[in-house]
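Working notes, beginning with the structure itself.
The values are calculated or read from the model by the stated rules, or taken from the named source; none is laboratory data. Note that the structure is predicted; figures quoted are calculated from it, not measured. Positions of Cβ are generated from backbone atoms using ideal geometry, with glycine treated the same way; all protein chains shown enter the neighbour counts. Quick note on the areas: whole protein, heavy atoms, side chains included, nothing else; ligands and nucleic acids left out. Shrake-Rupley method; radii C 1.70, N 1.55, O 1.52, S 1.80 Å.
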Amino acid sequence: MRSLGYFYRYFLLFPAFGAFVVSSLFALAFIARLPAFDAMNEALFDQYQVLQPRAFDPNGVVRIVNIDEPSLKEFGQWPWPRTYVSELVDRIGSAGAAAIAFDIAFAEPDRTSPERVRQSWLQYSERFGAAPTPNSQAFVDMLSIENLPDHDELAADTFSRYPVVLGAFLTSFENPGALRPSAGVSAQGSDVRDRLTQFEGAVVNIENISTSAAGVGSVSLSPAEGEVVRRVPMLSILNDAIIPAMAVEALRVAQGAGSYVLRATDASGEFDASSAAEVSSMRVGALVVPLDGDGSIRVKFAGHQPQRFISATEVLSKTQLSPALANEFLGRIVLIGTSAAGLRDLVGTPVDNVVAGVEVHAEIIEQIVEQDFLTRPDWAWDTEFILLVILCVTSCILQARQSQATALVFALAAIGAAFYGSWYSFRELDTLLSPVGPALALGSTHLVGTAFSFFDAERSKREITRQFEHFVAPEVIRDIIEDPEKQLTPGGDRRELSVLFLDVVNFSSHTETMEPEETVEFLNTLLDPLTEAVLRNQGTVDKYIGDSIMAFWNAPRETPNKENLAIKTAIECLEAVKSVNLHYRARGYPEIEICVGINTGYCSVGNIGSTRRLSYSCVGDPVNLASRIEGLTRQYKVPILIGETTAEAADDFSCVEIDLVSVKGRHQVERILAVVGSAEIGDTEAFFELDYNFGAGRDAYMRQEWDDAEGYFTKCANLDQLGLFDPKPTARLFLERVASYRREPPDAIWDGVFTATRK
């Protein structure tokens, strides 16, 4: 149990330990690559794109023919007859488009084709009572419908004459549709097919239209429901075939390239053989596209740009294209898609809450042509992990040194630098490095360490309060708690203290008739107001010794006015005794008196005692002298005696020099003074008369001029009490000494010092 206590004290309450535990947990979570980190990283990268989207070139390579709401209102609901689509392609192709790509799949035959209309009419004519006879006009009209061209054939013929790229929807569920890629894929490096996004099925175009196109590509953006589109597969796997995305297929067709070149990470020979090869990049004609390891491109968004869009109504509403409109298509890749809400081709991106899916494909083509990419290199995660470890270890070291302020400054500076570095790498290098993991780990490490420090500080406060609450005033405890290093020096401190000893005169004779319980009650009743006086005046109660009190000033809290406060406390104790006497007088107890000795000097103060029990106390010669001075009060018949050092600094009080003494166990001579009262008393005529006569008597006494000494002390013996000092008994003491020295003169080496032979 004792070892557990040490563990709790030195580890659980040690800030660095808590910080280390949190750092370790974050490191393990980072190694496990928890999805939460990816989500936070992506959210940060989204904000970067919002703050600085890709620059949009209004003269860029892409235009979008939009089947928008006005187009549906003008030409009817979707799907349109393939004649409309054929006309759309014919006009765009005739204007010189480099490629025409559909973000649409023609998965079913056109229901508006003449043959389909005829079959539908014949199927339902009898049911609706409108069966045509061979001679009826309706029958003649139906025969003429048979001679009209099939819309799908017409569309296929039109598509075959232009660089058309069809779209197909790849699905995660099996679908009987077969999708044949229009171009092959050659590989550099290892076979990385298993790294590409896998699909189970596809929604494909009808056969005659499919075979007429120059290319076919996937239009699947593959986000989960409600997910923001950030990355789009550029190459996918369907039935062991590599299917390109519609964006890169349009670029291939526009350049007239015959195939793709897929490059793996081990193609350069600089690959770490300890890990599996991944996709590195692909080449489309003259363009190189850096890819993530699974064959996806991270889209660098410019955001929704109305300049990309041309309404289908503008293309079809007139008999031919205007020169300006034709120029918009010349040499460009033209995407045909829809932004109509009812057609459900709307997605979210980092910079737009809702945008037409076809515009994402346009963004991809633009950044490939402009070679403006966002990359998250394969070493990014390792770099972030190393940064996490360095920051957390540094924080733990700082907290182990109890440098909480330094640790806070370091944490704030490091987190700020990490975020700035991440932003700089995005803005200037187009590289995605996330500070989220390291920042969260460092912030949590510091917070936990701070929390441990807080609890440890609270524990220290409780310990300080427990140790001092009975010995010093509450405001002193607050000062110690605020700055314990200043107020409490570990192992003790050398300070100048004013030490007070207070004792009850003839305590034993007062309590000899009391029962033990009564004695305890009496002591508690007496010591309580005396202790309050000490605490009220910023003193520290060192100990109780039976009926005595030892107290000191200037520790643990520094008290510049210590001498005056000690004397003030002594005077208040004398007043407190009067109240105690009134309380016990009614019970027939004799009145008590107290005497106080005060001395000032340098002492050693701190926690003193054994390994099993410590107490905050002070030791040193000034302490012993204060005790001896308190003992001298009985001989000189004064309530308060103070040492010379105390008197010199006690400018709030008036004092009278009493004697030069050498106390028991000490050879050094000490000048002792009696406290008369406040400084104002020193300005009175009565004090002047008292001080003059007593001083003159002392001078004559020291010179062994006994007659003069006797005269002055006799005058003092006839003076009334002034303040706290009654000169009569003290003067009579000196008169007795004078008489004794007359009978037996002192030695020739006598210096007038009184040697006290008892405490």
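What order do you get for 371-377, 701-707, 227-233, 296-302 when each peptide is scored by the mean count of other beta carbon atoms within 10 Å, highest first?
Highest-to-lowest ranking by the protection proxy: 296-302, 227-233, 371-377, 701-707.
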- Taking R0 as 41 Å and r as the Cβ-Cβ distance between T171 and S24, the FRET efficiency 1/(1 + (r/R0)^6), rounded to the nearest 0.05, comes to 0.40
- Rounded to the nearest 20 Debye, what is the dipole magnitude of region 323-447 about its Cα centre when Lys and Arg each give +1 and Asp and Glu each give -1 at the C-beta? 580
- Item | Under the Karplus curve 6.51 cos²θ - 1.76 cosθ + 1.60, θ = phi - 60°, whole-Hz ³J(HN,Hα) for region 60-76, x wherever Gly or Pro sits | x, 7, 10, 10, 10, 8, 9, 7, 9, 4, x, 5, 5, 5, 7, 10, x
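Count the net charge of all other residues whose Cβ sits under 12 Å from the Cβ of S422, scoring Lys and Arg as +1 and Asp and Glu as -1.
0
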- Item | Net charge dipole size for region 690-759 [Lys, Arg +1 and Asp, Glu -1 on Cβ; Debye, nearest 20] | 320
- Item | For region 353-369, 3J(HN,Hα) per residue [Karplus equation, 6.51 cos²θ - 1.76 cosθ + 1.60, θ = phi - 60°, Hz, x = Gly/Pro] | 5, 9, 8, 5, x, 4, 6, 5, 4, 5, 4, 5, 4, 4, 6, 5, 5
- Per residue, how much accessible area does region 285-418 show when a 1.4 Å probe rolls over the protein heavy atoms, in square angstrom? 43
- Task: Quote the FRET efficiency, to the nearest 0.05, computed for T83 versus D430 with a Förster distance R0 of 51 Å and r equal to the Cβ-Cβ distance.
- Result: 0.70
- Note on the structure: tail above 20 Å in the computed P(r) of region 520-609, as % of all Cα-Cα pairs, reads 38
- Task: Under 13 Å from a label point 7 Å along Cα→Cβ of D57: give me every residue in region 320-354 with its amide N that close.
- Result: 332-333
- Interchain or sequence-distant (5+) residues whose placed amide H lies within less than 5 Å of the amide H of V596 are I640, L641
- Item | Net length gained if the chain between S678 and E207 were fully extended (0.36 nm per residue, minus Cα distance) | 157.8 nm
- For region 691-759, what is the accessible area per residue in Å², given a 1.4 Å probe and the full set of protein chains? 57
- Message: Using the basic label-point model (7 angstrom from Cα toward the beta carbon), what is the T375 to S403 distance in nanometres?
- Response: 3.8
- Note on the structure: The simple spin-label model distance between V619 and A32, using points 7 Å out along Cα→Cβ, in nm, is 5.7
- Could you state the per residue volume, in Å³, of the convex hull enclosing the Cα atoms of region 374-422? 47
- The value for region 331-382 (convex hull of the alpha-carbon atoms, volume per residue, Å³) is 108
- Cut-off under 5 Å, modelled amide H: who pairs with S281 long-range: R263, L291
- Of S317, A241, A356, whose Cα points farthest to the positive end of the dipole of region 229-367 (charges on the beta-carbon: +1 Lys, Arg; -1 Asp, Glu; origin at the Cα centre)? S317
- Query: Roughly how many nanometres apart are two label points built 7 Å out from the Cα toward the Cβ at S322 and R283?
  - Reply: 4.4
- Query: Dividing the alpha-carbon Rg of region 575-689 by 2.2 N^0.38 Å yields what?
  - Reply: 1.31
- Task: Enumerate the calculated ³J(HN,Hα) couplings along region 590-605 in order (Karplus 6.51 cos²θ - 1.76 cosθ + 1.60, θ = phi - 60°), each rounded to whole Hz, writing x wherever the residue is Gly or Pro.
- Result: x, 6, 9, 10, 10, 10, 10, x, 10, 9, 10, x, 7, 10, 9, 10
